[in-house]
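The values are calculated or read from the model by the stated rules, or taken from the named source; none is laboratory data. Only a predicted model underlies this, so the values are computations on that prediction, with no experimental measurement involved. Here Cβ is always computed from backbone atoms with ideal geometry, including for glycine, and neighbour counts include all displayed protein chains.
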Amino acid sequence: MINIELIERNINKIINFGVIILALVIALRLHKSANDQVSSLIQQQNNELEKNKVIEEIAALEKKAEIYTKVFVKKDLAGIMGVISDIAKDTSVKIVSVKPYAEDELENYFNSSFLITLTAPSYHALGDFISKIENHKDIYLVSEISINSIVSNPGAKGAQADLGVNLKINTISYL
């Protein structure tokens, strides 16, 4: 059956073959272990890259928030009225009266409101005034408006109709 003589003659080849198989098994296990470590490191690297992206986004948001806090600084009434008066002069609108309301202190900001009564020669001038108010670099919002027709010099030959306007303007200031 088993030829012992054949085994004795080829004992070195059998031992070499066994050593080669053992070396292959050990190499495959080492290779699998190394691949698992590489996969783990790649996963860890991807996690760290995601964390870096989030940190960069947070830093960008903090910069934007810092810029907004500079924009939303609390303005004094004289400064606000100076801006509104300059805009009124540019648009041929006349301010009749200004009535400031109490400031609303909200969670992170102040909301200041003003009732401004003015006269405008035309709807175009009024629209130009409101457009310049709302597009100003400081934040001004027109929240209410009422328009009436006012006739100046009703008995005179050249009677002219102006617009009587009440505007509620809000401005926002960061705490």
Problem set entry | Set ASP162, ASP138, ASP128: member being touching a helix residue (DSSP H, G or I) at 6+ places or on another chain (Cβ under 7 Å), among the acidic types (Asp, Glu) and either assigned by TED's automatic domain parsing to the domain that holds ILE116 or modelled with pLDDT under 80 (or both) | ASP138
For this session: Test SER112 against the stated conditions and say whether it is at pLDDT below 85 and assigned to a strand (DSSP E or B).
Result: yes
Exercise. Looking at the range 93-108, which of its residues are more than 15 Å from ILE80 (Cα to Cα) and surrounded by 15 or more Cβ atoms within 10 Å (Cβ to Cβ)?
Worked result: VAL93
Problem set entry | Odd one out for ILE42, checked against (1) surrounded by 10 or more Cβ atoms within 10 Å (Cβ to Cβ); (2) under 21 Å from the mean Cα position of the chain (by Cα); (3) not hydroxyl-bearing (Ser, Thr, Tyr) | (2)
For this session: Only residues that are closer than 14 Å to THR171 by Cα and in a strand (DSSP E or B): list them for the range 115-139, please.
Result: LEU115, ILE116
For this session: Being within 20 Å of GLY79 (Cα to Cα), free of Cβ contacts under 8 Å to residues at least 40 places away in the same chain and among the small types (Gly, Ala, Ser) is the filter here, so list the residues in the range 93-133 that pass it.
Result: SER97, ALA102, SER131
